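Just so it is clear, none of the values below were taken in a lab; they were calculated from the coordinates. Treat the numbers as computed from the prediction; the structure is a model and nothing was measured. When we count neighbours, we look across all protein chains shown, and the Cβ atoms used for this are built from the backbone with ideal geometry, even at glycine.
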């Protein structure tokens with residue numbers, strides 16, 4: 001598998017009007033060329049760099065791609081967007097559509113927008129179990145803080161979306177008080193005690209947090225930072241690491257640690273490493289040494305302990 | 001899980017939740033099910049059916065049918081009748097797949113006569129009736145033609161050569177619900193729908209070739225009246241709806257309702273998924289007219305599929321469709337809201353009856369039934385899981401207790417993801433083939449979602465409706481060929 005890198009995928013869920021299209025636009029804008037910083041300054045973001053090719057997959061073309069020329073494939077219709085990105089609508093079933101995107105478009109990253117009523121838990125399973133070509137990078141669920149304040153009851157469709165998310169954006173916090181945002185978050189947290197909660201305005205979220213490490217790009221943060229403040233630190237090592245000890249550490253990372261990513265060299269070989277709120281993924285990958293980034297909250301407090309344990313992993 | 005402790009047993013098949021269960025309930029809620037089926041129901045059913053009981057204008061009870069489980073806003077299996085003047089209309093009470101429904105078609109063939117042609121029939125049907133998420137059909141329409149079609153429904157199809165005149169009288173609303181207004185639908189909805197006439201779609205939608213055995217005829221007289229007259233008779237049943245079009249219509253109006261519900265009409269609802277507007281308001285009326293377009297689109301969709309079925313059977317068996325007896329028994333929706341007259345407190349009243357995952361089941365003599373079924377009561381088509389079989393029922397007089405509504409299928413017992421974890425599509429297909437059910441699917445993992453054990457026992461569901469007196473069994477069908485959407 002080392003020679004065919006997996007394509008990372010993000011699933012975006014959320015109820016009607018919560019901000020799914022806004023987040024998609026941000027992701028696509030960030031991938032367009034001549035924006036943001038020079039590639040050399042970018043680190044860890046697949047949306048970075050002049051050639052990042054993102055494929056958005058949706059059930060039907062939404063507002064992203066109206067009046068564009070449609071190229072019809074077997075399981076997808078494709079519309080070319082600015083900056084080399086594409087928007088694909090499904091005409092066949094999900095698995096075949098994803099495979100066709102990988103074969104014909106060869107994107108650096110796939111973003112799937114699930115409709116407002118999708119059973120996202122089924123989609124997550126589909127990716128993890130039936131699509132070995134894909135690495136599930138993150139499941140992002142967007143919650144509308146404004147509507148959530150007016151209607152605190154969390155509907156059953158929303159519950160299923162929330163339950164399967166890694167990152168939950170409590171969006172539109174500019175329309176509510178901090179106390180109200182807290183209430184909405186507490187309501188949502190009843191259905192997911194694992195996810196990272198981020199408060200956002202117009203889905204403004206730190207891309208470093210949103211995206212894991214991809215095999216092709218070592219980009220940087222292009223999005224305006226979210227309302228929350230995150231800490232991060234890097235750790236490198238020339239020596240190989242002990243896989244068992246590293247797995248143990250990953251299994252015990254504290255909840256405040258939202259994302260970890262990078263390249264790890266084990267005695268048995270190199271790995272592309274991605275971690276998001278308790279879910280870790282290792283993919284065979286040629287690496288020279290270990291380069292890791294840890295992102296989360298209260299890292300000043302947590303950093304010494306994590307670094308100690310990393311040092312102990314050194315063989 | 002166990003919701004049963006919170007219910008008051010009214011009879012072996014009727015369970016009540018009084019209005020003091022939850023603040024704001026205007027009427028009690030009633031779940032129609034046996035003790036066993038209630039025990040299998042999720043907490044969401046109880047929570048959602050009591051949420052529905054808080055909606056303005058609701059009459060008598062908020063109901064849930066024996067196949068109920070949690071859905072978007074309303075439970076699937078939810079029935080709620082709203083007063084025409086003061087009640088609301090809610091997309092969550094209709095479903096995103098507007099007029100998702102069932103159509104049953106007869107043949108004069110026995111199983112032995114088609115056995116050797118089964119694979120060819122299923123393969124050809126699989127080619128001619130496109131399945132899958134975004135699949136497009138063979139009827140090529142311009143946007144304007146599609147706008148005409150959604151106002152005319154199945155009648156448009158018959159006028160354009162896709163069907164027989166008699167199909168219309170054997171379709172609910174005669175295939176064309178009046179009041180559909182294409183000026184109330186968005187361009188986006190048109191774009192999602194105009195290529196999808198004649199397509200099954202994905203999920204739990206299917207087309208099945210089935211057989212009725214002698215021992216599976218429960219009411220010989222009604223079976224005869226509905227056209228089941230020979231032993232091992234082959235029938236064709238299919239389940240589909242209004243595809244992306246209905247979904248877009250619902251989405252468009254949910255957005256409208258969320259904006260005006262509270263600010264303009266002062267309606268406070270518990271669950272945002274129950275977004276609604278007063279039925280009599282401009283927004284409510286606009287949605288009703290747009291939703292009817294989706295109802296007609298779905299009737300047209302099933303009409304074109306019937307036309308394709310006739311073509312395939314005729315091609316494969318080299319006989320004329322009329323000679324093969326390919327007459328439709330009935331076409332009935334299980335995701336709609338319709339204006340009907342029902343007796344409330346001894347007086348006839350105009351009510352907007354929401355049925356979401358529930359089937360209309362008019363008893364004998366009801367207005368709206370064609371002459372053909374005036375005496376028998378309405379045929380009710382209940383789709384089971386693809387492994388276990390399906391039913392033909394009939395509406396009964398005592399159905400008035402649920403505004404003449406009954407179950408629609410067997411209802412899921414496990415989530416799609418759980419089913420996918422437990423079953424493997426390809427192995428399931430091979431296993432079913434060994435048991436004499438030949439399956440074609442657009443998606444292996446989608447097939448796994450539809451495995452028999454993912455659903456409630458269909459026999460228990462229909463027995464519960466019969467015991468409760470909301471419909472009666474006529475015949476049970478066993479699948480022999482299946483195309484899964």
**Fill in**
Per 10 angstrom bin, beginning at 0 and ending with the bin that holds the maximum distance, the Cα pairs of the protein assembly as shown fall in percents of 3, 13, 23, 25, 18, 11, 5, 2, 0
**Request:** At 7 Å along the Cα-to-beta-carbon direction for both residue B:418 and residue B:145, put a label point, then send me their distance in nm to one decimal.
**Result:** 4.6 nm
**Request:** Sort the following peptides by mean Cβ neighbour count (other Cβ atoms within 10 Å, averaged over residues), highest first: B:461-468, A:149-156, A:294-301, B:399-406.
**Result:** B:399-406, B:461-468, A:149-156, A:294-301
**Fill in**
Cα-based Rg then Dmax for segment B:435-485, in Å, read 14.0, 39
**Item:** Relative intensity, log₁₀ I(q)/I(0), of segment A:85-172 from a Debye sum that treats every alpha carbon as a point, q = 0.18, 0.23, 0.25 Å⁻¹
**Value:** -0.86, -1.21, -1.35
**Request:** Write down the Kirkwood hydrodynamic radius of segment B:212-315, to one decimal in angstroms, obtained as one divided by the mean of 1/r over all alpha carbon pairs.
**Result:** 17.4 Å
**Request:** Working from the alpha-carbon coordinates of segment B:288-342, get Rg over Rh, Rh being the Kirkwood radius.
**Result:** 1.15
**Message:** Using Cβ counts within 10 Å as a stand-in for footprinting exposure, how do B:47, A:247, A:137 rank, fewest first?
**Reply:** A:247, B:47, A:137
**Item:** Sorted by Cβ neighbour density within 10 Å, fewest at the top, the residues A:309, B:155
**Value:** A:309, B:155
**Fill in**
To the nearest 10 degrees, the tilt of helix B:282-317 (Cα long axis) against the first principal axis of the alpha carbons of chain B is 10 degrees
**Request:** Run a plain Debye calculation on segment A:125-211 (Cα atoms as equal point scatterers, no solvent) and give log10 I(q)/I(0) at q = 0.15, 0.18 Å⁻¹, rounded to two decimals, same order as the q list.
**Result:** -0.56, -0.76
**Rg(Cα)/(2.2 N^0.38 Å) for segment B:65-187, N = residue count** = 1.36
**Prompt:** Using just the C-alpha positions of segment B:343-436 as equal point scatterers, what log10 of I(q)/I(0) does the Debye formula give at each q in 0.14, 0.22, 0.25 1/Å?
**Reply:** -0.68, -1.13, -1.32
**Prompt:** Sorted from fewest to most neighbouring beta carbons within 10 Å, what does the list B:126, A:94, B:218 look like?
**Reply:** B:218, B:126, A:94
**Item:** Antiparallel DSSP beta bridges within the protein assembly as shown, as percent of all bridges there, nearest 5
**Value:** 70 percent
**Message:** Between 0 and 90 degrees, rounded to the nearest ten: what's the tilt of helix B:243-260 against the longest Cα principal axis of chain B?
**Reply:** 10 degrees
**Prompt:** Is any residue of segment A:133-177 close enough, with backbone N under 17 Å, to a label point placed 7 angstrom from the Cα of residue B:255 along the Cα-Cβ axis, and if so, which?
**Reply:** A:144, A:147
**Request:** Report the semi-axes of the equivalent ellipsoid for chain B in whole Å, largest first, where each axis is √(5λ) for an eigenvalue λ of the Cα gyration tensor.
**Result:** 33, 26, 21
**Request:** Calculate how large, on average over all directions, the projected area of the Cα convex hull of segment A:232-313 is; give the answer in nm² to one decimal.
**Result:** 4.5 nm²
**Fill in**
Inter-chain shielding metric for B:291-297, i.e. average beta-carbon neighbours from other chains within 10 angstrom, reads 0
**Request:** Could you compute the FRET efficiency for residue A:193 and residue B:367, with r as their C-beta to C-beta distance and R0 at 45 Å, rounded to 0.05?
**Result:** 0.25
**Prompt:** Across peptide B:250-257, what mean number of C-beta atoms from other chains lies inside 10 Å of a residue's C-beta?
**Reply:** 2
**Fill in**
Using alpha carbon centers only, segment B:413-456 is separated from segment B:207-263 by a whole-angstrom value of 20 Å
**Message:** For the pair residue B:229/residue B:374, report the inter-label distance in nm, with labels modelled 7 Å from Cα in the Cβ direction.
**Reply:** 2.1 nm
**Fill in**
Taking R0 as 51 Å and r as the Cβ-Cβ distance between residue B:10 and residue A:25, the FRET efficiency 1/(1 + (r/R0)^6), rounded to the nearest 0.05, comes to 0.45
**Prompt:** Which shape class, rounded, prolate or oblate, goes with segment B:121-187 when its Cα gyration tensor gives a ≥ b ≥ c as root eigenvalues, a/c under 1.5 marks rounded, and past that a/b bigger than b/c marks prolate?
**Reply:** oblate
**Asked** At a Förster radius of 22 Å, what calculated FRET efficiency corresponds to the Cβ-Cβ distance of residue B:264 and residue B:400, to the nearest 0.05?
**Response** 0.05
**Request:** List the residues of segment B:332-348 whose backbone N lies under 19 Å from a point placed 7 Å from the Cα of residue B:169 along the Cα-to-Cβ direction.
**Result:** B:332
**Item:** Euclidean distance between Cα centres, segment B:2-47 to segment A:269-298, Å
**Value:** 49 Å
**Asked** Averaged over A:145-156, how many beta carbons belonging to a partner chain fall within 10 Å of each residue's beta carbon?
**Response** 5
